[in-house]
1. Report yes if ILE206 is closer than 26 Å to SER65 by Cα and either free of Cβ contacts under 8 Å to residues at least 40 places away in the same chain or among the β-branched types (Val, Ile, Thr) (or both), otherwise no.
2. Kindly indicate whether any position in region 54-69 is within 23 Å of GLY44 (Cα to Cα), in a loop (DSSP other than H, G, I, E, B) and out of contact with any Lys or Arg (no Cβ under 8 Å at 6 or more places or on another chain).
3. Would you point out the residue of region 111-131, among those that are closer than 15 Å to ALA170 by Cα and at pLDDT 95 or above, that is least open to solvent (accessible area, probe 1.4 Å)?
4. Quick test for you: out of ALA180, ALA164, ALA185, pick the one residue that is surrounded by fewer than 23 Cβ atoms within 10 Å (Cβ to Cβ), among the small types (Gly, Ala, Ser) and modelled with pLDDT under 95.
5. For a quick check of your reading: which strands (runs of 3 or more DSSP E) sit entirely within region 83-155 and have at least 3 residues that are of a type in the set (Lys, Arg) and touching a strand residue (DSSP E or B) at 6+ places or on another chain (Cβ under 7 Å)?
6. If a residue must be free of Cβ contacts under 8 Å to residues at least 60 places away in the same chain, of a type in the set (Lys, Arg) and within 20 Å of VAL9 (Cβ to Cβ), how many such residues does region 88-137 contain?
7. How many of the residues in region 199-220 are out of contact with any Pro (no Cβ under 9 Å at 6 or more places or on another chain), in a strand (DSSP E or B) and open to solvent by 10 Å² or more (accessible area, probe 1.4 Å)?
8. Quick one: which residue in ALA41, ALA54, ALA71, ALA13 is under 19 Å from GLU213 (Cβ atoms), small (Gly, Ala, Ser) and open to solvent by 40 Å² or more (accessible area, probe 1.4 Å)?
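The values are calculated or read from the model by the stated rules, or taken from the named source; none is laboratory data. All values derive from a computational prediction rather than experimental measurement. Positions of Cβ are generated from backbone atoms using ideal geometry, with glycine treated the same way; all protein chains shown enter the neighbour counts. What goes into the accessible areas is simple: the full protein's heavy atoms, side chains included, and nothing from ligands, DNA or RNA. Shrake-Rupley method; radii C 1.70, N 1.55, O 1.52, S 1.80 Å.
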Amino acid sequence: MIHIHILSVFRGADGRGGNPLGVVLDGASVPGPERRSALAAELGFSETVFVDDAERGTVDIWTPSVRLPFAGHPLIGVASLLTEADVLRPPAGEVPVRRDGDVIRIAGRAEWASGRRMERYGSVAEVDALPAPPPGEGWLYAWAWEDEAAGRVRARAFPRRGDAIAEDEATGAAALVLTAELGRALDIRQGVGSRIVTRPLPDGTIEVGGRAEVVGERVM
């Protein structure tokens, strides 16, 4: 029997948006990459995360088609459940966790999220008008300034990796890469209403934050 917590991560303050996430706190109940890949595909969320050692914060992250060394919304979701954890350990490396009221913040490096192409558009309307997914290949993060002086961004994310995820509602790793490229703090509105806040840190990492909420459970 596999117990899965269903979370919504990066949900806006108005309750809109949020990227669905599956979390298996008992990672040992789903051993091996084949079974984990199959479960992630069956759930159909953009990511599912397996906790292999709650005390150490060791986690394993899967999309419906690939294993990821690092991803933002799974780590923020897990941190909301492992309330005592101040460090998480995905394959990429140690990820510090900081809690700021109802916002959970993690820090990672842009090179951990390589392969995501940032493309700036001339207006929010152009980003909103894109089909899901746009023509082309490879991971695309489409963005435009809502208010450049204030650091407010409109963004949409398209993995384009051949699985069932045509558009990713809220993407912490892509937000991290954009923040690293622009070198400034950002307030990102992504998807239908998700919100991601970011800022560069003095040690060269990027902090990514948002809200996470448990919205259901499944037993399989």
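1. Spelling it out, it is not the case that ILE206 is closer than 26 Å to SER65 by Cα and either free of Cβ contacts under 8 Å to residues at least 40 places away in the same chain or among the β-branched types (Val, Ile, Thr) (or both).
2. Yes, the conditions are met somewhere in region 54-69.
3. Of everything passing the filter in region 111-131, VAL127 is least open to solvent (accessible area, probe 1.4 Å).
4. ALA164
5. Counting at least 3 such residues, we get 116-120.
6. Number satisfying all stated conditions: 2.
7. 9
8. ALA13
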